[in-house]
(Lines give C-alpha, C1' and ligand atoms only; values in the text may rest on other atoms or scores of the structure.)
Protein backbone atom coordinates (compact mmCIF):
# COMPACT_ATOMS: atom_id res chain seq x y z
CA UNK A 1 0.00 0.00 0.00
CA UNK A 2 1.36 3.40 -0.99
CA UNK A 3 1.22 5.90 1.87
CA UNK A 4 3.42 8.79 0.70
CA UNK A 5 1.45 11.83 -0.46
CA UNK A 6 4.04 12.65 -3.13
CA UNK A 7 3.57 9.24 -4.78
CA UNK A 8 -0.24 9.31 -4.77
CA UNK A 9 -2.53 10.90 -7.34
CA UNK A 10 -4.99 13.60 -6.37
CA UNK A 11 -7.79 11.10 -6.97
CA UNK A 12 -6.23 8.59 -4.59
CA UNK A 13 -5.72 11.30 -1.97
CA UNK A 14 -9.35 12.37 -2.30
CA UNK A 15 -10.36 8.77 -1.62
CA UNK A 16 -8.08 8.55 1.43
CA UNK A 17 -9.48 11.81 2.75
CA UNK A 18 -13.03 10.54 2.28
CA UNK A 19 -12.13 7.40 4.19
CA UNK A 20 -10.93 9.47 7.16
CA UNK A 21 -7.21 8.71 6.87
CA UNK A 22 -4.86 10.37 9.34
CA UNK A 23 -2.14 12.51 7.77
CA UNK A 24 1.33 12.38 9.30
CA UNK A 25 3.31 15.56 8.64
CA UNK A 26 7.01 14.91 9.30
CA UNK A 27 8.97 17.97 10.36
CA UNK A 28 12.70 18.04 10.89
CA UNK A 29 15.82 20.07 10.18
CA UNK A 30 18.80 20.16 7.85
CA UNK A 31 21.84 20.72 10.03
CA UNK A 32 25.28 19.51 11.00
CA UNK A 33 25.42 16.00 12.44
CA UNK A 34 29.02 15.77 13.53
CA UNK A 35 32.01 14.87 11.36
CA UNK A 36 30.51 11.56 10.27
CA UNK A 37 26.91 11.99 9.20
CA UNK A 38 24.82 13.77 6.58
CA UNK A 39 22.99 17.01 7.31
CA UNK A 40 19.68 15.47 6.22
CA UNK A 41 19.66 12.91 9.03
CA UNK A 42 16.67 14.25 10.96
CA UNK A 43 14.51 14.57 7.85
CA UNK A 44 15.39 11.10 6.55
CA UNK A 45 14.75 9.38 9.87
CA UNK A 46 11.45 11.03 10.75
CA UNK A 47 10.14 10.39 7.24
CA UNK A 48 10.92 6.68 7.53
CA UNK A 49 9.36 6.39 10.98
CA UNK A 50 6.22 8.06 9.59
CA UNK A 51 6.17 5.83 6.52
CA UNK A 52 6.31 2.66 8.56
CA UNK A 53 3.74 3.91 11.05
CA UNK A 54 1.38 4.98 8.26
CA UNK A 55 1.51 1.51 6.71
CA UNK A 56 0.23 0.10 10.00
CA UNK A 57 -2.72 2.51 10.27
CA UNK A 58 -3.46 3.09 6.56
CA UNK A 59 -2.49 6.73 6.93
CA UNK A 60 -0.91 9.24 4.57
CA UNK A 61 2.55 10.77 4.97
CA UNK A 62 2.82 14.36 3.78
CA UNK A 63 6.11 15.59 2.29
CA UNK A 64 8.71 16.26 4.97
CA UNK A 65 9.34 19.82 6.11
CA UNK A 66 13.13 19.64 5.97
CA UNK A 67 13.93 23.03 7.56
CA UNK A 68 13.28 23.96 11.16
CA UNK A 69 14.70 25.86 14.11
CA UNK A 70 18.44 25.22 14.10
CA UNK A 71 20.12 28.49 15.02
CA UNK A 72 22.13 26.62 17.65
CA UNK A 73 23.86 24.58 14.91
CA UNK A 74 24.68 27.40 12.50
CA UNK A 75 28.23 28.02 13.73
CA UNK A 76 29.28 24.60 12.42
CA UNK A 77 28.25 25.40 8.86
CA UNK A 78 26.19 23.23 6.54
CA UNK A 79 22.91 24.06 8.26
CA UNK A 80 19.63 25.85 7.51
CA UNK A 81 17.42 27.62 10.01
CA UNK A 82 14.10 29.45 9.97
CA UNK A 83 12.87 32.34 12.06
CA UNK A 84 10.15 31.37 14.49
CA UNK A 85 7.53 33.50 12.73
CA UNK A 86 8.49 32.00 9.36
CA UNK A 87 8.26 28.48 10.78
CA UNK A 88 4.80 29.04 12.23
CA UNK A 89 3.53 30.67 9.04
CA UNK A 90 4.89 27.84 6.92
CA UNK A 91 3.27 25.20 9.12
CA UNK A 92 -0.02 27.09 9.08
CA UNK A 93 -0.04 27.15 5.27
CA UNK A 94 0.85 23.46 5.00
CA UNK A 95 -1.91 22.52 7.43
CA UNK A 96 -4.39 24.70 5.53
CA UNK A 97 -3.51 22.84 2.35
CA UNK A 98 -4.03 19.49 4.03
CA UNK A 99 -7.42 20.67 5.30
CA UNK A 100 -8.42 21.92 1.84
CA UNK A 101 -7.46 18.51 0.45
CA UNK A 102 -10.26 17.09 2.58
CA UNK A 103 -8.40 15.61 5.53
CA UNK A 104 -9.58 16.23 9.08
CA UNK A 105 -6.92 14.71 11.34
CA UNK A 106 -3.20 15.52 11.25
CA UNK A 107 -0.29 14.55 13.46
CA UNK A 108 2.83 16.69 13.18
CA UNK A 109 5.63 14.19 13.80
CA UNK A 110 8.83 15.95 14.77
CA UNK A 111 12.33 14.55 14.38
CA UNK A 112 14.47 17.47 15.61
CA UNK A 113 15.05 18.47 19.22
CA UNK A 114 15.26 22.16 18.41
CA UNK A 115 11.65 22.18 17.19
CA UNK A 116 10.06 20.63 20.26
CA UNK A 117 9.35 23.62 22.47
CA UNK A 118 8.11 25.77 19.57
CA UNK A 119 5.77 23.08 18.21
CA UNK A 120 4.14 22.53 21.58
CA UNK A 121 3.73 26.26 22.08
CA UNK A 122 2.32 26.83 18.58
CA UNK A 123 -0.07 23.89 18.66
CA UNK A 124 -2.98 25.91 20.06
CA UNK A 125 -2.89 28.56 17.32
CA UNK A 126 -2.19 25.98 14.62
CA UNK A 127 -5.12 23.87 15.78
CA UNK A 128 -7.54 26.78 15.98
CA UNK A 129 -6.38 28.35 12.74
CA UNK A 130 -6.44 25.20 10.62
CA UNK A 131 -9.77 23.74 11.69
CA UNK A 132 -8.06 20.37 11.93
CA UNK A 133 -7.99 17.83 14.71
CA UNK A 134 -4.28 18.36 15.29
CA UNK A 135 -1.76 16.55 17.48
CA UNK A 136 1.98 17.12 17.85
CA UNK A 137 4.62 14.61 18.86
CA UNK A 138 8.38 14.07 18.72
CA UNK A 139 8.89 10.47 17.68
CA UNK A 140 11.93 9.74 19.81
CA UNK A 141 10.27 11.22 22.88
CA UNK A 142 7.03 9.29 22.33
CA UNK A 143 8.97 6.06 21.72
CA UNK A 144 11.73 6.56 24.29
CA UNK A 145 10.72 3.57 26.43
CA UNK A 146 10.46 1.33 23.37
CA UNK A 147 13.84 2.44 21.99
CA UNK A 148 15.82 2.38 25.23
CA UNK A 149 16.32 -1.43 25.42
CA UNK A 150 18.15 -1.35 22.08
CA UNK A 151 20.74 1.23 23.22
CA UNK A 152 23.94 0.55 25.11
CA UNK A 153 25.28 3.95 26.13
CA UNK A 154 22.40 6.38 26.18
CA UNK A 155 18.81 6.44 27.42
CA UNK A 156 17.33 7.78 24.19
CA UNK A 157 18.12 9.67 21.00
CA UNK A 158 20.95 12.17 21.36
CA UNK A 159 22.29 14.38 18.60
CA UNK A 160 24.39 12.37 16.11
CA UNK A 161 25.17 9.72 18.73
CA UNK A 162 24.59 5.99 19.03
CA UNK A 163 20.88 6.01 18.13
CA UNK A 164 20.81 8.37 15.16
CA UNK A 165 23.98 6.90 13.68
CA UNK A 166 22.63 3.37 14.03
CA UNK A 167 19.37 4.32 12.34
CA UNK A 168 21.20 5.99 9.48
CA UNK A 169 23.44 2.93 9.04
CA UNK A 170 20.25 0.91 8.65
CA UNK A 171 18.39 3.37 6.43
CA UNK A 172 21.06 5.09 4.33
CA UNK A 173 24.56 3.80 5.13
CA UNK A 174 26.14 5.85 2.34
CA UNK A 175 25.30 8.94 4.42
CA UNK A 176 27.55 7.79 7.27
CA UNK A 177 31.32 8.19 7.00
CA UNK A 178 32.34 5.19 9.11
CA UNK A 179 36.01 6.15 8.80
CA UNK A 180 35.25 9.13 11.08
CA UNK A 181 33.25 7.33 13.75
CA UNK A 182 36.25 7.58 16.06
CA UNK A 183 35.77 11.36 16.09
CA UNK A 184 32.01 11.14 16.63
CA UNK A 185 31.92 11.52 20.39
CA UNK A 186 30.78 14.26 22.72
CA UNK A 187 29.42 14.83 26.21
CA UNK A 188 27.02 12.22 27.58
CA UNK A 189 24.41 14.20 29.51
CA UNK A 190 22.39 13.09 32.46
CA UNK A 191 18.79 14.16 32.80
CA UNK A 192 18.66 17.66 34.20
CA UNK A 193 22.06 18.53 32.72
CA UNK A 194 22.92 21.77 30.94
CA UNK A 195 21.32 20.33 27.81
CA UNK A 196 17.93 20.28 29.53
CA UNK A 197 18.38 22.78 32.29
CA UNK A 198 15.39 24.05 34.25
CA UNK A 199 17.11 27.47 34.15
CA UNK A 200 17.36 28.00 30.43
CA UNK A 201 19.85 30.14 28.53
CA UNK A 202 20.24 29.82 24.77
CA UNK A 203 23.66 28.62 23.74
CA UNK A 204 25.31 27.66 20.51
CA UNK A 205 25.73 23.91 20.13
CA UNK A 206 29.45 24.55 19.74
CA UNK A 207 29.53 25.53 23.43
CA UNK A 208 28.12 22.13 24.31
CA UNK A 209 30.14 19.91 22.00
CA UNK A 210 33.25 20.69 19.98
CA UNK A 211 32.54 17.73 17.68
CA UNK A 212 28.89 18.59 17.10
CA UNK A 213 27.93 15.25 18.67
CA UNK A 214 26.15 14.49 21.91
CA UNK A 215 26.88 10.98 23.14
CA UNK A 216 29.00 8.36 21.40
CA UNK A 217 28.42 7.09 17.87
CA UNK A 218 31.11 4.40 18.04
CA UNK A 219 28.66 1.74 19.23
CA UNK A 220 26.35 2.31 16.29
CA UNK A 221 25.34 -0.66 14.13
CA UNK A 222 22.87 -1.12 11.30
CA UNK A 223 21.14 -3.99 13.11
CA UNK A 224 20.59 -1.79 16.13
CA UNK A 225 19.33 0.97 13.88
CA UNK A 226 16.71 -1.25 12.27
CA UNK A 227 15.40 -2.25 15.69
CA UNK A 228 15.24 1.40 16.74
CA UNK A 229 13.32 2.51 13.65
CA UNK A 230 10.87 -0.35 14.04
CA UNK A 231 10.38 0.41 17.74
CA UNK A 232 9.68 4.06 17.00
CA UNK A 233 7.26 3.33 14.15
CA UNK A 234 5.41 0.70 16.15
CA UNK A 235 5.05 2.94 19.18
CA UNK A 236 3.67 5.78 17.05
CA UNK A 237 1.27 3.52 15.15
CA UNK A 238 -0.06 1.91 18.30
CA UNK A 239 -0.84 5.25 19.90
CA UNK A 240 -2.62 6.49 16.80
CA UNK A 241 -4.51 3.25 16.21
CA UNK A 242 -5.83 3.54 19.75
CA UNK A 243 -7.13 7.04 18.94
CA UNK A 244 -5.14 8.43 21.83
CA UNK A 245 -4.61 12.01 20.61
CA UNK A 246 -8.34 12.51 20.20
CA UNK A 247 -9.69 10.33 23.03
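Structure data summary
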item	result
Single condition residue 201 does not satisfy, out of (1) modelled with pLDDT of 90 or more; (2) exposed (fewer than 12 other Cβ atoms within 10 Å of the Cβ); (3) farther than 30 Å from residue 104 by Cβ	(1)
Near pairs, Cβ below 8 angstrom, 6+ apart or cross-chain, from the range 46-59 (on the phi > 0 side of the Ramachandran plot and in contact (Cβ under 8 Å) with a residue 40 or more places away in the chain) to any residue that is buried (at least 24 other Cβ atoms within 10 Å of the Cβ) and in a helix (DSSP H, G or I)	none
Number of the exception - residue 119 against (1) under 21 Å from the mean Cα position of the chain (by Cα); (2) in a helix (DSSP H, G or I); (3) at pLDDT 95 or above; (4) over 23 Å from residue 23 (Cα atoms)	(4)
Any hit, the range 71-78, residues being in contact (Cβ under 8 Å) with a residue 40 or more places away in the chain and part of a loop (DSSP other than H, G, I, E, B)	yes
All positions within the range 15-43 that are under 12 Å from residue 67 (Cα atoms) and surrounded by fewer than 24 Cβ atoms within 10 Å (Cβ to Cβ)	30, 39, 40, 43
Some residue of the range 231-245 being more than 18 Å from residue 52 (Cα to Cα) and touching a strand residue (DSSP E or B) at 6+ places or on another chain (Cβ under 9 Å)	yes
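Results for (1) in contact with a strand residue (DSSP E or B) (Cβ under 6 Å, 6 or more places away or on another chain); (2) more than 26 Å from residue 186 (Cβ to Cβ), shown as yes or no for each residue.
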| residue | (1), (2) |
| --- | --- |
| 11 | no, yes |
| 16 | yes, yes |
| 33 | no, no |
| 41 | yes, no |
| 46 | yes, no |
| 60 | yes, yes |
| 63 | no, yes |
| 70 | no, no |
| 76 | no, no |
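The values are calculated or read from the model by the stated rules, or taken from the named source; none is laboratory data. Given the structure is predicted, the values throughout are model-derived calculations rather than measurements. Cβ sites come from the backbone with ideal geometry, for glycine too, and all protein chains shown count toward neighbours.
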